[in-house]
1. Which of the residues spanning the range 272-293 are touching a strand residue (DSSP E or B) at 6+ places or on another chain (Cβ under 6 Å) and closer than 25 Å to residue 231 by Cβ?
2. Restricting attention to the range 353-368, does a residue exist that is at pLDDT 95 or above, in a helix (DSSP H, G or I), within 23 Å of the chain's Cα centre (by Cα) and more than 22 Å from residue 276 (Cα to Cα)?
3. Please list, ordered by first then second residue, the pairs with beta carbon atoms under 7 Å, 6 or more apart or interchain, first in the range 279-301 and free of Cβ contacts under 8 Å to residues at least 12 places away in the same chain, second exposed (fewer than 15 other Cβ atoms within 10 Å of the Cβ).
4. Give the range 152-177 a look and list any residue that's over 16 Å from the mean Cα position of the chain (by Cα) and part of a loop (DSSP other than H, G, I, E, B), or say none.
5. Of these, 208, 161, which one is buried (at least 22 other Cβ atoms within 10 Å of the Cβ) and either touching a residue at least 12 places away in the same chain (Cβ under 8 Å) or at positive phi (or both)?
6. How many residues are under 30 Å from the mean Cα position of the chain (by Cα) and either free of Cβ contacts under 8 Å to residues at least 12 places away in the same chain or surrounded by 22 or more Cβ atoms within 10 Å (Cβ to Cβ) (or both) when one looks only at the range 44-66?
7. Where residues in the range 472-505 are surrounded by 18 or more Cβ atoms within 10 Å (Cβ to Cβ) and more than 23 Å from the chain's Cα centre (by Cα), which of them is nearest to residue 425 (Cα to Cα)?
């Protein structure tokens, strides 16, 4: 695409070019040709537009020369740079990277039904259920989130929940090429705040809930909520619809703002225009419940293979955003019974010897409370809780995690969880303070080697006990300093079982 065509499409799509200008050094900017957009100078090739992003630690303007050397044909920057390359000058490079990427890649978000999921807990599971439901309706569906990126043909492990905007648009274009007619995307607060979903617009969106997380970044819960709410204010298509958990106080606020577009869902209340889950019966192998559709009184009974009351919320969230697009509601509901386990999200291993292990991503106090509360109801024996907390994350959560584990578990092993540039010993001490402050007397050990911690719990547990390994879910690495060291909770549990000749279901 010629820059002249790109700028013309930008003006048509966004009704303004007031924030963009061109700067020409040694070449004709408007005739320059662009095939791809990127912000990693090391991954730039011929005919790429390189975006000079200012990050927390690095400034992309400092890497423009490397991008030019690697074949970049155009720069997007905040100010002119003394380099022999055509340049587009922007007052907001992050915003315009997404918008320009969308145009370069053929505006793929306009060629599919786009669904977004935001909130604190339940995003990943909800996106997987939405994808499952859409595919049950015959729609090939791409996926972007914390666990994997899927372009409809291939999957790769996710690098971050919401990628950079140029990467999102490139992946959306692959989905279109691979025949996807829908895409489901987790939209994180960081991704929203940093403009990573610029260039996207959504047909449907879900708000799951809100609790304290990322306050080291956002500062206050109100600021965190406002960033999440920005999805609905700025990135929805004309005539959009969505779902919101009105059992959550922040969800109720969002519903009150968009009552014509949002469907209320939850387990409480008596609204006849809401989607409600009732008559819930949980086991470690799944959940039976009934669904009351909007405008109906009678509940429709369902068997859902994912365990836990919170997974009923996730199922309702998925239904709330897919119902408007389903011509056969009965088929949509039936599809819930064939849902498979989501990697690292209440992922259950029921072993032949009567022991059970659950792997979950729960890394916030609210998420850990949800998991352990459900397990407490279902466990015949002891609960072993193995967890840590990430370095360079909201430190007050460490004491809270310890308090919650002490209130609900019997045996606690504090271990390492992505310490980054913090000392794992100090993180463990902060968690242990919360454990000791609890009203119950529980067994507490600190084993920083995560594989040893997991195995210690599994070896100590007896039939009827449940070992809950939380915090990392499906992640396949430990971040220690600047190193990413291969490690997986699931792989460790499988190796332990194989060494003992144990099968599981």
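1. Selection gives 274, 275, 276, 277.
2. Yes: the range 353-368 contains one or more residues that are at pLDDT 95 or above, in a helix (DSSP H, G or I), within 23 Å of the chain's Cα centre (by Cα) and more than 22 Å from residue 276 (Cα to Cα).
3. Listed pairs, sorted by first residue: 281/288.
4. Matches in the range 152-177: 152, 153, 154.
5. Among 208, 161, only 208 is buried (at least 22 other Cβ atoms within 10 Å of the Cβ) and either touching a residue at least 12 places away in the same chain (Cβ under 8 Å) or at positive phi (or both).
6. Of the residues in that region, 13 qualify.
7. Per the criteria, the residue is 492.
The rows are residues; the columns are (1) without any contact (Cβ under 8 Å) to a residue 60 or more places away in the chain; (2) surrounded by 24 or more Cβ atoms within 10 Å (Cβ to Cβ); (3) at negative phi.
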{"site": "336", "(1), (2), (3)": "no, no, yes"}
{"site": "340", "(1), (2), (3)": "no, no, yes"}
{"site": "343", "(1), (2), (3)": "no, no, yes"}
{"site": "354", "(1), (2), (3)": "no, no, no"}
{"site": "359", "(1), (2), (3)": "no, yes, yes"}
{"site": "363", "(1), (2), (3)": "no, no, yes"}
{"site": "385", "(1), (2), (3)": "no, yes, yes"}
{"site": "392", "(1), (2), (3)": "no, no, no"}
{"site": "401", "(1), (2), (3)": "yes, yes, yes"}
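The values are calculated or read from the model by the stated rules, or taken from the named source; none is laboratory data. Small disclaimer: the values here were computed from a predicted structure and weren't measured. Counting neighbours? That spans all protein chains shown, and the Cβs are built from the backbone with ideal geometry, glycine included.
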